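Quick notes on the structure that follows.
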Amino acid sequence: MAKICIVSSCGGHLTQVRMLKPAYDKYDHFYVLNEPSVLPRDMEGKTHFIRHSERDLLFWVNLWEAWRILRRERPSLILSNGPGPLVPFALVGKILKIPTLFVEEMNRVTKPSLTGRIMYYLAERFFYQWRELEHYFPNATYGGPLT
């Protein structure tokens, strides 16, 4: 049975990735968030919290946290939609042979996010939501906006 690691930050990213819940809800899954937050009932007991890093030295702490969580949980897929905490998880996922599915964030209409530009080379499957991004991601898949 597949197990999915859903990496997000709180707020808009979490709202967007939860729009994909009908696709992943039938699988065993857990969440990784970079800030403590009030959780919906279905996320209680299924969420790991990591340190919040903004392109600083805490990235190395996030790598260690990713290693620890992914080794313990043993997911078969990492899923995310744009927040920076994904990068350390994708890197560790590469080492552990866990594929990453990435969806570029919804509010990136004409220019890709930094995470998107990095994940284009790390993710095994990459989706973008706006056709205007096609020239940035020629080998990715256009999926249309999440609604």
Considering the chain, what Rg and Dmax in Å follow from its alpha-carbon atoms?
14.2, 41
Inverting the mean 1/r over all pairs of different Cα atoms, compute the Kirkwood radius of the range 1-85 and quote it in Å.
13.1 Å
Mind ordering 81-91, 6-16, 120-130 by average Cβ neighbours within 10 Å, highest first?
81-91, 6-16, 120-130
For H48 and Y142, extending 7 Å from Cα along the Cα-Cβ vector and measuring point to point gives, in nm, a value of 3.7 nm
Taking the Cα centre of the chain as origin, work out the dipole magnitude from +1 charges on Lys and Arg Cβ and -1 charges on Asp and Glu Cβ, in debye rounded to 20.
340 debye
Can you list residues from other chains, or at least 5 along the same chain, whose modelled amide H is less than 5 Å from the amide H of I50?
L33, N34, E35
By the scheme Lys and Arg +1, Asp and Glu -1, what is the net charge of all other residues having a beta-carbon under 12 Å from that of L101?
-1
Helix-only [θ]222 nm of the chain, DSSP H runs n ≥ 4, -39500 (n - 2.57) each, per residue, nearest 500
-9000 deg cm²/dmol
Residues of the range 26-147: accessible area per residue with a 1.4 Å probe, Å²:
56 Å²
Roll a 1.4 angstrom probe over the protein heavy atoms and tell me the percent of accessible area of the range 44-128 that is carbon or sulfur.
58 percent
Applying 1/(1 + (r/R0)^6) with R0 = 25 Å to the Cβ-Cβ distance of E132 and D25, what FRET efficiency is obtained, to the nearest 0.05?
0.25
Stretchable slack from W67 to R41, in nm (0.36 nm times residue separation minus alpha-carbon distance)
6.7 nm
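The values are calculated or read from the model by the stated rules, or taken from the named source; none is laboratory data. This one's a predicted model, so the numbers in the text were calculated from it and none came from an experiment. Here Cβ is always computed from backbone atoms with ideal geometry, including for glycine, and neighbour counts include all displayed protein chains. SASA here: full protein model, heavy atoms, side chains in, ligands and nucleic acids out. Shrake-Rupley method; radii C 1.70, N 1.55, O 1.52, S 1.80 Å.
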